[in-house]
């Protein structure tokens, strides 16, 4: 959500550096730090301190903005309290805030809070306010993260046992497999239960069910890929266009040129959501094998035009993402054999 129409009225810029136990809060007005405090990262302390700042500095919810880095669950308390108090909030990636600070020497929690406040002040004309996620999206995000952890444990157990083959005595291998079999089976059951909970959750909500159904109608887009897109884009509210999504997922090519000497190849950026990129790559590999038009495109680019394999796969990733966004935008299922039918029977009023 672009806040261009709101930022010009801001007077108080409040930067918060978040850690597990404490919050460092710095208040900036006209480029100068007025207040710095350190408080416990607890709901009551946050509420009391924000009310104290409002009373002492005489700021209102209309002339103040609070900013912080995206630190995962450690920021839940402060985000929820700011939402309750109806204070505008900006939650940006740490790299964006760091790059805006220029040359940095030294690092403390106090300095970080001041740098966040300065970032808000310098970027006041282009700030993007946080759009809260619905509770069901928060629930799906938590379940998705839990599934990933369980899958990592399951893979680690299986790989560990597999690596013993050929290097450890057969009797010891059999003993290890027997002792770990119940743990591996239990992890399989837990993963299945989590997946069932995820499916039941998104099917119970009308909007998430609609979006998931539209996305999964695209060939080679399964429930895991669709769910990750749903969570990352916040139901397509934060990342609204395919261009924004391509940049976010690291599949958009960018030029690298300067003057007459720097002439590097156009390539994708490493600054991306790597998990989303990996899932799209899996979909692209499947599409290359099983979708006729994608398969024909891949062989034409590789065998006839001699393009690089990863360059062609990246275009396929873009094609899949574009189809997802097109289905969601038009609110219609993907049609494999869609034929364009021009309208010829229109009668304009005279």
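Observations on the model:
- Orientation-averaged projected area, Cα convex hull of region 168-217 (nm²): 5.1 nm²
- Estimated [θ] at 222 nm from DSSP helical runs (n ≥ 4, -39500 (n - 2.57)) normalised by residues in the chain, nearest 500: -17500 deg cm²/dmol
- Of 71, 108, 60, the one that fluctuates the most in a GNM where the chain has Cα springs shorter than 10 Å: 108
- Relative contact order computed over the chain (Cα-Cα under 8 Å; 6+ residues apart), in percent: 13 percent
- Cα centroid of region 9-69 to Cα centroid of region 246-315, whole Å: 44 Å
- FRET efficiency, residue 100 to residue 337 (Cβ-Cβ, R0 35 Å, nearest 0.05): 0.10
- Region 135-204 - Kirkwood radius from inverse mean 1/r over Cα pairs (Å): 13.7 Å
- Seen against the Cα atoms of the chain and their longest principal axis, helix 135-163 is set at about 50 degrees.
- Reducing region 183-204 and region 97-136 to their Cα centroids gives an inter-centroid distance of 37 Å.
- Helix 309-330 axis versus longest C-alpha principal axis of the chain: approximately 70°, rounded to the nearest ten.
- Principal axis extents of the C-alpha atoms in the chain (largest first, rounded to whole Å): 86, 66, 55.
- DSSP beta bridge pairing in the chain, given as percent antiparallel to the nearest 5: 65 percent
Coordinate-derived values only; no laboratory data. Quick caveat: nothing in here was measured; it's all calculated off a predicted structure. With ideal geometry, Cβ positions are generated from the backbone for all residues, glycine too; neighbour counts draw on all protein chains shown.
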